[in-house]
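Student: Quick one: the structure is below, questions incoming.
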Amino acid sequence: MTDALPYLIYFLIPFLGGLESFSLLSKTLVVSFFLICSALSLFVHLRGVYCLDGYRWNDKPVDVDQHPERLWDWADSQFLTGFSVNKFLTEGGRICWRKNKSV
């Protein structure tokens with residue numbers, strides 16, 4: 001799906017063209033929603049690129065292939081594995097803190 005996303009952006013053009021007729025509040029809400037979704041998307045994708053914890057989630061603590069119910073557990077989400085707000089705030093806002101890159 002992500003490989004088709006740049007082409008799907010073209011479907012926003014008619015919507016953005018009609019944005020001029022919206023009120024200021026509506027424009028602000030639409031732009032805010034778009035920016036929030038973009039920031040969340042960037043966060044999730046950067047975690048996937050730079051942190052190995054998401055890959056380790058597949059088999060630790062239990063293998064997701066044998067326990068597919070983990071896929072629906074928001075308390076154990078793959079993109080948040082290893083993320084701690086306290087570490088994020090105290091260690092300079094980095095999204096991955098592993099100093100040793102070895103697995």
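The values are calculated or read from the model by the stated rules, or taken from the named source; none is laboratory data. Since we're looking at a predicted model, the values are computed, not measured. Neighbour counts are summed over all protein chains in view; Cβ atoms, including those assigned to glycine, are modelled from backbone coordinates with ideal geometry.
Student: Which ones in region 1-52 are of a type in the set (F, W, Y) and touching a residue at least 40 places away in the same chain (Cβ under 8 Å)?
Tutor: The answer is F43, Y50.
Student: Something else: On the given criteria, is L89 among the aliphatic types (A, V, I, L, M) and modelled with pLDDT of 75 or more?
Tutor: no
Yes/no matrix, rows are residues, columns are (1) assigned by TED's automatic domain parsing to the domain that holds L5; (2) surrounded by 14 or more Cβ atoms within 10 Å (Cβ to Cβ); (3) part of a helix (DSSP H, G or I):
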site: L42; (1), (2), (3): yes, no, yes
site: L46; (1), (2), (3): yes, no, yes
site: D59; (1), (2), (3): no, no, no
site: D63; (1), (2), (3): no, no, no
site: Q66; (1), (2), (3): no, no, no
site: L71; (1), (2), (3): no, no, yes
site: A75; (1), (2), (3): no, no, yes
site: F79; (1), (2), (3): no, yes, yes
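Student: I would also like to ask the following. Can you list residue pairs whose Cβ atoms sit under 8 Å apart, with the first residue in region 64-83 being within 21 Å of S41 (Cβ to Cβ) and the second being of a type in the set (G, A, S) and part of a helix (DSSP H, G or I)? Count only pairs 6 or more apart in sequence or on different chains.
Tutor: Every condition considered, the pairs that remain are Q78/G54; F79/G48; F79/G54; T81/G54; G82/G54.
Student: Limited to region 3-54, what total is found for residues that are touching a Ser or Thr at 6+ places or on another chain (Cβ under 7 Å) and among the acidic types (D, E)? It would help to see each step written out before you state the result.
Tutor: Step one: list which residues in region 3-54 are touching a Ser or Thr at 6+ places or on another chain (Cβ under 7 Å), which gives 53-54.
Pick out the ones that are also among the acidic types (D, E) and you get 53.
Of the residues in that region, 1 qualify.
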